[in-house]
Structures are given as structure tokens and as C-alpha cells.
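**Q** Sending over a structure as C-alpha cells; questions will come in a sec.
The values are calculated or read from the model by the stated rules, or taken from the named source; none is laboratory data. All of these numbers come straight from a predicted model, not from anything done at the bench. With ideal geometry, Cβ positions are generated from the backbone for all residues, glycine too; neighbour counts draw on all protein chains shown.
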Amino acid sequence: MNVMRRESRYPMVAVDDALRIINLHVVPLDVEELDVLRDAADGRVLAEDVFSEENLPDVPKAAVDGYALCSADGVTPRRVIAEITAGAMAGLHIDRGAAVRIMTGAPLPSGADAVVMVEQAEERDGLLFVLHAPGAGDNIHTTGQDVAAGQLILARGTSLGVAEIGLLATAGRRRVRVFRRPVVAVLATGDEVFEPDGPIFAGGVRDSNRYALMAAAREAGCVAVSLGIARDDMAVQRAAILDAAGRADVLLTSGGVSMGTRDLVKPLLEELGTIHFGRIAFKPGKPTTFATIARRTATHGLPLLVFGLPGFPVSSLVSFEVFVRPALRRLQGDAHPDRPRVRVTLRDPIHPAPDRPEYQRAIVSWEEGRLVARSTGRQGSSRLLSLLGANGLLLVPPGTQSYAAGAELEALLTGPLR
Ligand code: AMP
Ligand code: MG
């Protein structure tokens, strides 16, 4: 029979130290080529700087429907000599006294230096009358106005979204180099933990952590792999960890990192690798553990990164958000891996934890010219409802003094404003 220890053997590290230690072990993964036109590119991170090879537009064009003409002719009526539609070849020339009907996006004829909007002109019997004297350059989309040849349009480390994909297509860049998506294996542990859709005995809990953590890993741009639920048994959990070492970049475990006699994750990580920290001065999620397991397999030269997350659902997800997510974004080469930090005004009073900084779930919105945070209610570690709708984590420093409504605190913005 094991004996319960009263004191953890692991020194308590501060949040910032934990983040620093993790970063020491995170290097961007290898690079692969992506076909932007064929493959889903959204969320991928660029591994190269992308320059435009061309001016956009490549020739001067009409920015409106109207008439291309010479501004030097002032308000004198002009002869309308032709019509140019979008898609017509460039090459037409006009001289003083002439004008051409021109459509938005059509190439400007040489000799013309302005376009007058159709609403500002009148065409009668082959002659064009303008209401006002045009200025040189009016309504012309000049060569390179949107993008200049040689210009950096997307920098390495940029996450591809709507605008970025549009830009790549505009610039005619079909193939780009991106960082590989990390493969994140997720393992639940616990004799009391069951598949959500199966039979369960009294006192058992349904495995919410594995499904929530896999969703969180996918949201962070990773490929999530389920390793199922491991019983609280050394051999079973050892086999699962080695399985992860064979096929994943990162392993997330849930449960089994506390002080109980059946908390086996830490001893196993000691046996198979190196624990870099085993406790964080942090609430919720004090026993969160970070380890690496060295390996040399055909597919993986880098160590497996292991995050031992606590079993309580809120603790595991908040620890993921604070410690794991930035690491997953760094692995993908994201130049901005961290959530934005903002100052918020409290709508509800907040009670800090006496001994550790606490990351309390909050709903952040923009009200009357400032960011306001509402609590999501009771902050218990098992109360998943405290995460529902939360788009912020309030950074509550430790202490015994409550913060009144109206006080200001910092928060991590974990989702869009509500
Ligand atoms: P542990 O850290 O292993 O002692 O787990 C602490 C508590 O977290 C357990 O008593 C369960 O109630 C809960 N728990 C552990 N694993 C899971 C899981 N995969 N899904 C939901 N709750 C869990
Ligand atoms: Mg357990």
C-alpha cells in the first residue's frame, strides 16, 4: 500500500516562470508546402515571407463607370470615339478633344489622364459634356496602387485568414510554405472516468476533459488524436504515454497529477522523461505539470512535450488556455501566440484566492466606452458552467481584500468581445 505524502516534492513555480520554462522547449515544427487553391489554408501559419511579383493593378484602370479623357480640355465638349469594357485589352490611345466610354476595371487608354463619372457627364449626338472641369488623376486606379511589385504582402508567422487567403489568390501565389500542424494526443486517466455514452456506476464521472481538450487543441490549429481513457494503473498509463511518443508532438493528460496514491502521471513522467515543473502558483490548476520525453524515431526527432493537466474540468481547460495554447501556437510558428491582455472594469465584486493568482472566468464586453467584465458565477473547479460564454480570464492577484464592482483588473481575452 502506498503512503500518502503530505508535501509535494515539486517546487511551486510562478506563472511567468512556468511559461518561460515551457518556451525553452518549444521550437517551431517542420515546414510543408500548401496548395492554397486546393487545400483548406485557413488557420495555417506562413513559414515564409510572401512578396508580390507584380504591380496590382498591372496597368492604370478606370475606378468608376464613366468617360476617360484629357483633363487639359477642361469643360470643352469632347468627341466620344470608342467604348472600353472591363476585360478589354489595353492599347487604345486618345488625343486631346476625344473621350471614350469606359467601365470600372477597364484599362485606361494612353493619352487619357482622368475619368469622369457617368453621373457627372452627359453624352449627346456623339459629344460629351462634363458638368465640372476634371482634375488630372481623377478616378484612376493607378499601377501598383494596391500592391507594388516586390512589396512584402505577408510575413512569416502570419496566420492565414480571410484577408490573407484573398491576398495570396490576388497575387497569384498558389503554393506557400506553412508550418506543419502539431499532432496533439489527449489521454484521460481515472478509474472513475467513463465514456460519455456508455454505462457508468454510481460516483463515476463522464469524460468531458478529453473531448473538451481535443476541441481546444483543434481550435488552436492542431490535429487532435484521442488516446482514450487509461485506468489508474502504471502499465496501462505507461503504454498510453509511449503510444503518444510514437505518433504525437504533444501529449495532454487529464487527471492523476495530484497527491493521491493513484495519481500516477508524475511518477511515470519521471520514469520516461524529465519533469520541468510539477506545481504552479496558480488557480485553478496548481498540480499542472510539464515534462519532455526524449525520443529518436523516424518521424520525430524532437522530444514529446507533455502537459499533465488536472482532472477537474475547469482546471484542465483554464490550464490549457494559460499554458498549453500559447505553446501550441508557437509550435506552429505563430508570430503572435499569446492572447491579448486588456484592462477591464469589474461589474461584479471579485474575491481573490489568498495564496495564488487566480484566473477567473468572465464575460467581457464593450460598454459606455470601456471594457467591462461580468463574472460567470461560482468559480468551482468542477463547474464547467463557469466557462460557458466566457471570453476572458480575469487575472486576480492573491490577497484577502475583495475587489469591488467598478475596480479595474487585467484580463486575457480568450474570445471575441460580446
Ligand atoms: P484527479 O486529478 O485524477 O484526482 O481528478 C480530480 C477529479 O477530476 C476527479 O475526481 C473527477 O471528478 C474529475 N475528472 C478526472 N478526469 C476527468 C475527465 N476526464 N473528465 C471529467 N472529469 C474528470
Ligand atoms: Mg484521478
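**Q** Run Val64 past the list (1) assigned to a loop (DSSP other than H, G, I, E, B); (2) within 19 Å of Pro134 (Cα to Cα); (3) without any contact (Cβ under 8 Å) to a residue 60 or more places away in the chain and report the number of the one that doesn't hold.
**A** (3)
**Q** What pairs come up if the first residue lies in region 337-356 and is surrounded by 12 or more Cβ atoms within 10 Å (Cβ to Cβ), the second is assigned to a strand (DSSP E or B) and of a type in the set (Gly, Ala, Ser), and their beta carbons are under 6 Å apart, counting only those six or more places apart or on different chains?
**A** Taking only residues 6 or more apart or on different chains, the pairs are Val342/Ala411; Val344/Ala373; Val344/Ala411; Leu346/Ala373; Asp348/Ser375.
**Q** Sort through Ala244, Ala291, Ala239 and tell me the only one that's under 19 Å from Thr189 (Cα atoms), touching a residue at least 12 places away in the same chain (Cβ under 8 Å) and out of contact with any helix residue (DSSP H, G or I) (no Cβ under 9 Å at 6 or more places or on another chain).
**A** Values: Ala291 fails: out of contact with any helix residue (DSSP H, G or I) (no Cβ under 9 Å at 6 or more places or on another chain); Ala239 fails: touching a residue at least 12 places away in the same chain (Cβ under 8 Å).
The conditions single out Ala244.
**Q** If I ask for residues that are in contact with a Pro (Cβ under 6 Å, 6 or more places away or on another chain), over 20 Å from Asp58 (Cα atoms) and surrounded by 15 or more Cβ atoms within 10 Å (Cβ to Cβ), which ones from region 101-127 would you list?
**A** Taking region 101-127 and keeping what is in contact with a Pro (Cβ under 6 Å, 6 or more places away or on another chain), we get 108, 114, 116, 127.
With over 20 Å from Asp58 (Cα atoms) added as a condition, the list becomes 116, 127.
Val116, the sole residue that qualifies.
**Q** Also, quick follow-up: Look at Asp197 and say whether it is without any contact (Cβ under 8 Å) to a residue 12 or more places away in the chain, within 16 Å of ligand 1 (Cβ to nearest atom), more than 30 Å from Pro28 (Cβ to Cβ) and touching a strand residue (DSSP E or B) at 6+ places or on another chain (Cβ under 9 Å).
**A** Yes, satisfied.
**Q** In region 37-53, how many residues are among the hydrophobic types (A, V, I, L, M, F, W, C) and modelled with pLDDT under 95?
**A** So the answer is 3.
**Q** Right, another one. For the structure I just gave you, tell me whether Arg20 is surrounded by fewer than 16 Cβ atoms within 10 Å (Cβ to Cβ) and out of contact with any helix residue (DSSP H, G or I) (no Cβ under 7 Å at 6 or more places or on another chain).
**A** yes
**Q** Related question: Give the residues of region 164-218 that are surrounded by fewer than 19 Cβ atoms within 10 Å (Cβ to Cβ), assigned to a strand (DSSP E or B) and away from ligand 2 (no atom under 16 Å from the Cβ), sorted by residue number.
**A** Residues satisfying the conditions are Arg175, Arg177.
**Q** Evaluate the following for Phe282: is it buried (at least 24 other Cβ atoms within 10 Å of the Cβ) and modelled with pLDDT of 95 or more?
**A** Judged against the criteria, Phe282 is a match.
**Q** Next question. Take Val100 and tell me if it is farther than 27 Å from Ile153 by Cα, in a loop (DSSP other than H, G, I, E, B) and β-branched (Val, Ile, Thr).
**A** Numbers: farther than 27 Å from Ile153 by Cα: yes; in a loop (DSSP other than H, G, I, E, B): no; β-branched (Val, Ile, Thr): yes.
It is false that Val100 is farther than 27 Å from Ile153 by Cα, in a loop (DSSP other than H, G, I, E, B) and β-branched (Val, Ile, Thr).
**Q** Taking into account only those residues within region 233-250 that are touching a Leu at 6+ places or on another chain (Cβ under 6 Å) and either small (Gly, Ala, Ser) or in a loop (DSSP other than H, G, I, E, B) (or both), which is farthest from Val324 (Cα to Cα)?
**A** Looking at residues that are touching a Leu at 6+ places or on another chain (Cβ under 6 Å) and either small (Gly, Ala, Ser) or in a loop (DSSP other than H, G, I, E, B) (or both), I get Ala240.
**Q** Considering only residues that are surrounded by 13 or more Cβ atoms within 10 Å (Cβ to Cβ), outside any strand (DSSP E or B) and among the aliphatic types (A, V, I, L, M), which ones fall in region 82-97?
**A** Within region 82-97, Ala86, Ala88, Ala90, Leu92, Ile94 qualify.
**Q** Considering only residues that are in contact with a Phe, Trp or Tyr (Cβ under 6 Å, 6 or more places away or on another chain) and among the aliphatic types (A, V, I, L, M), look in region 363-418 and name the one that is surrounded by the fewest Cβ atoms within 10 Å (Cβ to Cβ).
**A** Among those that are in contact with a Phe, Trp or Tyr (Cβ under 6 Å, 6 or more places away or on another chain) and among the aliphatic types (A, V, I, L, M), it is Leu417.
**Q** Yes or no: region 258-274 includes at least one residue that is over 19 Å from Tyr10 (Cα atoms) and without any contact (Cβ under 8 Å) to a residue 24 or more places away in the chain.
**A** No, because not a single residue in region 258-274 is over 19 Å from Tyr10 (Cα atoms) and without any contact (Cβ under 8 Å) to a residue 24 or more places away in the chain.
**Q** Let me ask another. Within region 251-269, restricting attention to residues that are at pLDDT 95 or above, more than 8 Å from ligand 2 (Cβ to nearest atom) and assigned to a loop (DSSP other than H, G, I, E, B), which residue is farthest from Leu305 (Cα to Cα)?
**A** Leu264
**Q** With Arg210, Arg218, Arg231, Arg279 as the choices, which residue is within 11 Å of ligand 1 (Cβ to nearest atom) and among the basic types (Lys, Arg)?
**A** Arg210
**Q** For the structure I just gave you, tell me whether Gln332 is farther than 28 Å from Val27 by Cβ and at pLDDT 95 or above.
**A** Against the criterion (farther than 28 Å from Val27 by Cβ and at pLDDT 95 or above), Gln332 does not qualify.
**Q** Regarding region 67-81, can at least one residue be identified that is part of a helix (DSSP H, G or I) and touching an Asp or Glu at 6+ places or on another chain (Cβ under 9 Å)?
**A** The initial filter retains those residues of region 67-81 that are part of a helix (DSSP H, G or I), namely 71-73.
Checking which are touching an Asp or Glu at 6+ places or on another chain (Cβ under 9 Å) leaves us with 71-72.
Checking region 67-81: at least one residue is part of a helix (DSSP H, G or I) and touching an Asp or Glu at 6+ places or on another chain (Cβ under 9 Å).
**Q** Let me ask something additional. State whether one or more residues within region 74-81 are surrounded by 12 or more Cβ atoms within 10 Å (Cβ to Cβ), among the small types (Gly, Ala, Ser) and at pLDDT 95 or above.
**A** No, there is no match, as no residue in region 74-81 is surrounded by 12 or more Cβ atoms within 10 Å (Cβ to Cβ), among the small types (Gly, Ala, Ser) and at pLDDT 95 or above.
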